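Okay, so here's the structure we're looking at.
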Amino acid sequence: MKNTISIHDFNFLQIGYGQWIVYYTSPNTHKIWKAYTTDSILIDATKNSDSPKIVDLNQLKKICKS
């Protein structure tokens, strides 16, 4: 069964003005990836959105896993 990506798979930690550490936890394997980002547009589209788009969540996941 394929799990869909959700905002609940991410944890956000603000470390400064416009600076974030994003943790992604895989729903299947429960592995955790971490990334540092200053992409405020992507953070606004995911964390600060009432209903984030799947495309934005996948882009944030790609940043975390690279």
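Bear in mind these aren't lab numbers, they're just calculated from the coordinates by the rules spelled out. Just so it is clear, the model here is predicted, and its values are computed rather than measured. Cβ sites come from the backbone with ideal geometry, for glycine too, and all protein chains shown count toward neighbours.
Would you point out the residue of the stretch 1-35, among those that are exposed (fewer than 14 other Cβ atoms within 10 Å of the Cβ) and touching a Ser or Thr at 6+ places or on another chain (Cβ under 6 Å), that is nearest to SER66 (Cα to Cα)?
Here the answer is ILE32.
Kindly provide the set of residues from the stretch 32-57 that are touching a Phe, Trp or Tyr at 6+ places or on another chain (Cβ under 9 Å), within 17 Å of ILE5 (Cβ to Cβ) and assigned to a loop (DSSP other than H, G, I, E, B), ordered by number.
LYS47
Say whether the condition of being farther than 16 Å from ILE63 by Cβ and within 11 Å of the chain's Cα centre (by Cα) is met by at least one residue in the stretch 16-35.
Checked the stretch 16-35: no residue is farther than 16 Å from ILE63 by Cβ and within 11 Å of the chain's Cα centre (by Cα).
Can LEU42 be described as touching an Asp or Glu at 6+ places or on another chain (Cβ under 7 Å) and surrounded by 12 or more Cβ atoms within 10 Å (Cβ to Cβ)?
Yes, satisfied.
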